[in-house]
2 protein chains.
Amino acid sequence: MSTDQPLSTHESLSTNESLSTPVLPAQPDSFHVYDTTLRDGAQQEGLRLSVADKIRIATLLDEVGVNFIEGGWPGANPNDTEFFAAAARGDLLLKHATLAAFGSTRRAGGRAADDPLVAATRDSAAQVACLVAKSHDGHVERALRTTLDENLAMISDTVAHLRSEGMRVFIDCEHFFDGYRRNPAYSREVLRTIAEAGAELAVLCDTNGGMLPQWITEIVGEVAELGLPLGIHCHNDTGCAVANSMAAVDAGAMHVQGTINGYGERTGNADLGTVVANLELKYGWSVLPHPDSLTELTRISHAITAVTNVAGSPRQPYVGSSAFAHKAGLHASAIKVDPNLYQHIDPALVGNDMRMLISDMAGRASIQIKGEQLGFDLSDRDLAARITGVVKEREARGYSYEAADASFELLLRDTLDQLDKPFSVINWRVLTNAGRNGDADTEATVKLEAKGDVQAFVGEGNGPVDALDHALRRALEPAFPAVMHYDLTDYRVRIIDSGHGTDASVRVLIDTRDGEHTWTTVGVGTNVIEASWEALSDAYLYGLVTVRDREATSV
Amino acid sequence: MSTDQPLSTHESLSTNESLSTPVLPAQPDSFHVYDTTLRDGAQQEGLRLSVADKIRIATLLDEVGVNFIEGGWPGANPNDTEFFAAAARGDLLLKHATLAAFGSTRRAGGRAADDPLVAATRDSAAQVACLVAKSHDGHVERALRTTLDENLAMISDTVAHLRSEGMRVFIDCEHFFDGYRRNPAYSREVLRTIAEAGAELAVLCDTNGGMLPQWITEIVGEVAELGLPLGIHCHNDTGCAVANSMAAVDAGAMHVQGTINGYGERTGNADLGTVVANLELKYGWSVLPHPDSLTELTRISHAITAVTNVAGSPRQPYVGSSAFAHKAGLHASAIKVDPNLYQHIDPALVGNDMRMLISDMAGRASIQIKGEQLGFDLSDRDLAARITGVVKEREARGYSYEAADASFELLLRDTLDQLDKPFSVINWRVLTNAGRNGDADTEATVKLEAKGDVQAFVGEGNGPVDALDHALRRALEPAFPAVMHYDLTDYRVRIIDSGHGTDASVRVLIDTRDGEHTWTTVGVGTNVIEASWEALSDAYLYGLVTVRDREATSV
């Protein structure tokens, strides 16, 4: 509940409730955080991950410290097969996480050793196989059209084969909760078979997502007595994926599956970041490898939205841009007395920030901190306030400096009169032409002045930004040969106000690399070409300015 | 969990698990669904509701059948005061719901009858007052700076005054759970005071949103023994707002507060639609006035997003556009056998629809289902296989038909030789120019043939796509005046392989509306302008082709 009750005290109200916190569950000796973003998360509508995307996401997940990363289902689709091949070639280097391959039990009536899909899992070079198995009697008999006994044999045989080949095996028990309700004896038999075959654990899956926490607690509690280590895999169809995951952990599960940002089919999977933050901050467990890992959560979550190009929800627990945002009013003065009065945790614990919406945008303190990180002295209050004003004015127009440190540094230098521009653009244009067959050609011209010479060059490209990049690069090269080493590695466009169709304002972010460093610049405008040009020309400007500074320092 | 396990049966698998469902909680004799979208929901970042917006939302909430609508805090802000004045004038006519006014207990040391804020609540013409009261000893002493006894007197006095004026009174106990942990005796004393003063119920608020379901169950269970009817008010900071609300209901709460679509400050409030759907469909309760009310949920939820202008999450439980969307290929063959195999409820129960997503994992079965939904007979296996081949080939090049139903239908018609194009493009070009000040102008020319005439028109715009849209529209208008009603409502660009910078392939999606329908088209290419042109010209093509077909049918 949010109210505007006035606070008129300057005493700090302690919100350390530890004296009366409830008894917390004890952390199991071994606890697994298992990410399935690259397989089950990729089932989300509109989410398509290339092999390169998967490698970037896996690297980010490894940074935050999940224990297992399920890379996909080798053999089931070419993209996943190629991902595992790339990982085997050394294109994916994990520091902490273990790579897992999804798979399934062998087909009915066959032998695991001869099954091509089982072979694809076995030969994937993943250390762990996570196999889906039927645990719902109705699905076995009527969907797989085999006998209940043959399903058990399929599990035994496949687990035994992969174990004999040296793999660790986890079993995803599909439709477990629905199946247990229909026929608990058979579902228990499946778990006993899994244990006897030598699988390491059984993951209980709420495949259709229809469960509620008390039902999860009850069923997990009943089967925990079998002694087999258990995992949990939830979907959010009742809005309870996180709570259901926690309920299973309370009842004894030592392995929790989910996806970053809750990606997944239908309503998505359990948001693994929220589950991990709850376990670390509400239970006091250490489920990530380092004490500071959790402070990377917001950064990693946002970086992954940049790869998936699925905008994150501002209201996402812990990491959302609004998660610690407070609307103005008397409430704000309460927060000034003690921010913890109106927030359940310190946002710094998850790498997020409290935001006061009285001034929608960045505050002076964060500008000062950021400036210092970049090597500028902003301790002068008036100077910091002036820069904050400039940032606010630009953010109100749609700029975002969160991801665009290079543009922020250019803005700082400009405001501090420390920006000596090495080139000056006189004009540019870009033309796209197409005939009846639909194939289009794009050509750009850029005219600029650098080191006293005026240069005009033409560039062609696969679209206007590419053509402008080629023209700008050629025009700068005579004066600054270093630009030939600049490589534009990513180009992202976001509609800022999607209500206005092709008239809408857009924000463009460009990542540039020079072999040693990568930097990001931002451009904004109603004209996407103009916004792209701003980000593009600032990318070159930043590269040239900072290289010059580094050279000056080294002399 | 989403898997591609094959199903090879035509028998229907019953998913009616009622024989073994767990014991469900009994519905209390009186149960309240209390909506606070117009007050607490309006605290959401970026959400600004005018008086007219509030009236539209209240009318929609009344249609779905909530029991109480909290209209705001009269006297605390002018907008809310005006809303209650408008309601009193008859601008808001509720068929079913009771209007409630938020308020607070009187100020310390005063008299309720003389307190201007209490008077504003009293004089609001709402039948119910919902007053916020402190129930956390630390907030009373250090934030309100009054004594624990005076806080109790503030509650008694204010409740007695409003009761004597004929109002029903509910009390929102702010920070109840955090307070109960610090000092359970005082929090219980607050509840006893509320009961003795004649308030109808006490709403236990997890103001900072830090609770987990088992903690809610425990505390609600402990205070339920006092005999005062209880309500629950949750926020989603741990991702558990829905589960926490259900946990309180399980423990005896008979009044649940939330907001439509989970709007609210920070991570939002409990999503009231999800809670209600869970109670009706998972517990079998009747908490809405009519048996069919729940089938309005999706429509009402979406209609309210149109008022708030906050895009709904596709993954929102029950009502999201992806909530019953299925992607996996072989998975689709299972759904063809029985859709309930992979969904937890029949989507029609909440007024939503199952959707098959055409993706690169798609098989023939999903293409057939999708084709039938669009009115094409694809029962011929060879035909379906041929179309599947075309879809796969195009998806391999980067097309995605998941969200682009219109492009999929054009592809179907083309493959079936049922596409008679009403216009033919001869050529087009687009030019962007900028000078030293950086401002850019964009101009496009489109030349096409329609109804035997060749037309060439020029358009200007905020970027190349906008300019092409204007030129194309003007060129088509002489032959097809209907195009002037087409409105491009969204334009999305996705880099398909982000590893190649500005050289990368892109996919463009365009949403178009004609006042009655909205459709989505897709274009792909290494040249973003070419890809945009494809999506744009297909948007017009689809509109003209389907309008012609509808007209032909109606003749």
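The values are calculated or read from the model by the stated rules, or taken from the named source; none is laboratory data. If you're wondering where the values come from, they're calculated on a predicted model, not measured in any experiment. Neighbour counts are summed over all protein chains in view; Cβ atoms, including those assigned to glycine, are modelled from backbone coordinates with ideal geometry. For accessibility, only protein heavy atoms count, side chains too; no ligands or nucleic acids. Shrake-Rupley method; radii C 1.70, N 1.55, O 1.52, S 1.80 Å.
Tell me, please, whether a residue that is without any contact (Cβ under 8 Å) to a residue 40 or more places away in the chain and on the phi > 0 side of the Ramachandran plot can be found in region A:107-126.
no
Out of curiosity, is A:Arg188 open to solvent by 10 Å² or more (accessible area, probe 1.4 Å), at pLDDT below 95, touching a helix residue (DSSP H, G or I) at 6+ places or on another chain (Cβ under 9 Å) and farther than 19 Å from A:Ala108 by Cβ?
no
Restricting to region B:271-330, name every residue that is of a type in the set (Ser, Thr, Tyr) and in a loop (DSSP other than H, G, I, E, B).
Matches in region B:271-330: B:Tyr283, B:Ser286, B:Ser313, B:Tyr318, B:Ser321, B:Ser322.
Only one of (1) over 20 Å from A:Tyr542 (Cβ atoms); (2) touching a residue at least 60 places away in the same chain (Cβ under 8 Å) is not met by A:Arg507, so which one is it?
Single failed check for A:Arg507: (1).
So for region B:16-25 (the condition being among the β-branched types (Val, Ile, Thr), crowded, with 16+ Cβ neighbours inside 10 Å and either within 21 Å of the chain's Cα centre (by Cα) or at pLDDT below 95 (or both)), does at least one residue qualify?
no
Only one residue in A:Gly264, A:Gly239 is in a loop (DSSP other than H, G, I, E, B), at the interface with another protein chain (Cβ under 7 Å from one of its Cβ atoms) and not charged (D, E, K, R), so which one is that?
Only one candidate passes the filter, namely A:Gly239.
Answer yes if at least one residue in region B:79-98 is within 14 Å of chain A (Cβ to nearest Cβ), within 30 Å of B:Arg181 (Cα to Cα), buried (at least 20 other Cβ atoms within 10 Å of the Cβ) and of a type outside the set (Gly, Ala, Ser), and no otherwise.
No - not one qualifying residue is present in region B:79-98.
Here is a yes/no grid of residues against (1) open to solvent by less than 10 Å² (accessible area, probe 1.4 Å); (2) without any contact (Cβ under 8 Å) to a residue 12 or more places away in the chain; (3) within 14 Å of chain B (Cβ to nearest Cβ); (4) among the acidic types (Asp, Glu):
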{"position": "A:Asp172", "(1), (2), (3), (4)": "yes, no, yes, yes"}
{"position": "A:Asp178", "(1), (2), (3), (4)": "no, no, yes, yes"}
{"position": "A:Arg182", "(1), (2), (3), (4)": "no, no, yes, no"}
{"position": "A:Ala195", "(1), (2), (3), (4)": "no, no, no, no"}
{"position": "A:Cys205", "(1), (2), (3), (4)": "yes, no, yes, no"}
{"position": "A:Trp215", "(1), (2), (3), (4)": "no, no, yes, no"}
{"position": "A:Glu225", "(1), (2), (3), (4)": "no, yes, no, yes"}
{"position": "A:Leu230", "(1), (2), (3), (4)": "yes, no, no, no"}
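Can we say B:Gly262 is modelled with pLDDT of 95 or more and either out of contact with any Lys or Arg (no Cβ under 6 Å at 6 or more places or on another chain) or farther than 16 Å from B:Gly65 by Cβ (or both)?
Spelling it out, B:Gly262 is indeed modelled with pLDDT of 95 or more and either out of contact with any Lys or Arg (no Cβ under 6 Å at 6 or more places or on another chain) or farther than 16 Å from B:Gly65 by Cβ (or both).
Conditions first: (1) under 23 Å from A:Phe170 (Cα atoms); (2) facing chain B (nearest Cβ under 9 Å); (3) assigned to a loop (DSSP other than H, G, I, E, B). A:Asp29 passes all but one, so which condition is the exception?
With (1) under 23 Å from A:Phe170 (Cα atoms); (2) facing chain B (nearest Cβ under 9 Å); (3) assigned to a loop (DSSP other than H, G, I, E, B) applied to A:Asp29, the lone miss is (2).
Any residue in region A:453-464 that is in a helix (DSSP H, G or I) and open to solvent by less than 10 Å² (accessible area, probe 1.4 Å)?
Yes; the residues of region A:453-464 include at least one that is in a helix (DSSP H, G or I) and open to solvent by less than 10 Å² (accessible area, probe 1.4 Å).
Exactly one condition in (1) at pLDDT below 95; (2) buried (at least 24 other Cβ atoms within 10 Å of the Cβ); (3) of a type outside the set (S, T, N, Q) is not met by A:His302; state its number.
For A:His302, the exception is condition (2).
Counting residues that are among the aromatic types (Phe, Trp, Tyr), which helices (runs of 4 or more DSSP H) fully inside region B:123-226 reach at least 3?
Correct list: B:176-182.
Among the numbered conditions (1) touching a residue at least 40 places away in the same chain (Cβ under 8 Å); (2) more than 9 Å from chain B (Cβ to nearest Cβ), tell me where A:Pro291 comes up short.
Checking A:Pro291 against (1) touching a residue at least 40 places away in the same chain (Cβ under 8 Å); (2) more than 9 Å from chain B (Cβ to nearest Cβ), the one that fails is (1).
Could you grab me the full set of residues in region B:370-427 that are of a type in the set (Val, Ile, Thr) and farther than 25 Å from B:Val493 by Cβ?
Answer for region B:370-427, where residues must be of a type in the set (Val, Ile, Thr) and farther than 25 Å from B:Val493 by Cβ: B:Ile387, B:Thr388, B:Thr415, B:Ile426.
Among the residues of region A:130-170, which ones are over 31 Å from the mean Cα position of the chain (by Cα), open to solvent by less than 10 Å² (accessible area, probe 1.4 Å) and within 14 Å of chain B (Cβ to nearest Cβ)?
Selection gives A:Ser135, A:His136, A:Gly138, A:His139, A:Val140, A:Ala143, A:Asn151, A:Met154, A:Ile155, A:Thr158.
Please find, among B:Gly221, B:Gly210, the residue that is away from chain A (no Cβ under 11 Å), under 33 Å from the mean Cα position of the chain (by Cα) and at negative phi.
B:Gly221 is the lone residue from the list that is away from chain A (no Cβ under 11 Å), under 33 Å from the mean Cα position of the chain (by Cα) and at negative phi.
Which number in (1) at pLDDT 90 or above; (2) crowded, with 18+ Cβ neighbours inside 10 Å; (3) farther than 30 Å from A:Thr308 by Cβ; (4) within 12 Å of chain A (Cβ to nearest Cβ) marks the one condition that B:Ala440 misses?
The one condition B:Ala440 does not meet is (1).
Quick check on my filter: what residues within region A:45-56 are open to solvent by 10 Å² or more (accessible area, probe 1.4 Å) and either more than 7 Å from chain B (Cβ to nearest Cβ) or within 13 Å of B:Ser400 (Cα to Cα) (or both)?
A:Glu45, A:Gly46, A:Arg48, A:Leu49, A:Val51, A:Ile55, A:Arg56, listed by residue number.
Only one of A:Asp487, A:Asp420 is in contact (Cβ under 8 Å) with a residue 24 or more places away in the chain, more than 8 Å from every other protein chain (Cβ to nearest Cβ) and open to solvent by 10 Å² or more (accessible area, probe 1.4 Å). Can you tell me which?
Testing whether each residue is in contact (Cβ under 8 Å) with a residue 24 or more places away in the chain, more than 8 Å from every other protein chain (Cβ to nearest Cβ) and open to solvent by 10 Å² or more (accessible area, probe 1.4 Å) leaves just A:Asp420.
Yes/no per residue for (1) under 27 Å from A:Val430 (Cβ atoms); (2) assigned to a loop (DSSP other than H, G, I, E, B); (3) open to solvent by less than 20 Å² (accessible area, probe 1.4 Å):
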| position | (1), (2), (3) |
| --- | --- |
| B:Ala384 | no, no, yes |
| B:Glu393 | no, no, no |
| B:Leu410 | no, no, yes |
| B:Arg413 | no, no, no |
| B:Ile426 | yes, no, no |
| B:Asn433 | yes, no, no |
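One line per residue, one yes/no per condition, for (1) within 12 Å of chain A (Cβ to nearest Cβ); (2) in contact (Cβ under 8 Å) with a residue 24 or more places away in the chain; (3) at positive phi:
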residue: B:Asn427; (1), (2), (3): yes, no, no
residue: B:Val430; (1), (2), (3): yes, yes, no
residue: B:Ala475; (1), (2), (3): no, yes, no
residue: B:Ala479; (1), (2), (3): no, yes, no
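Do we have any residue at all in region A:56-72 that's among the aromatic types (Phe, Trp, Tyr), touching a helix residue (DSSP H, G or I) at 6+ places or on another chain (Cβ under 8 Å) and on the phi < 0 side of the Ramachandran plot?
No, the conditions are met nowhere in region A:56-72.
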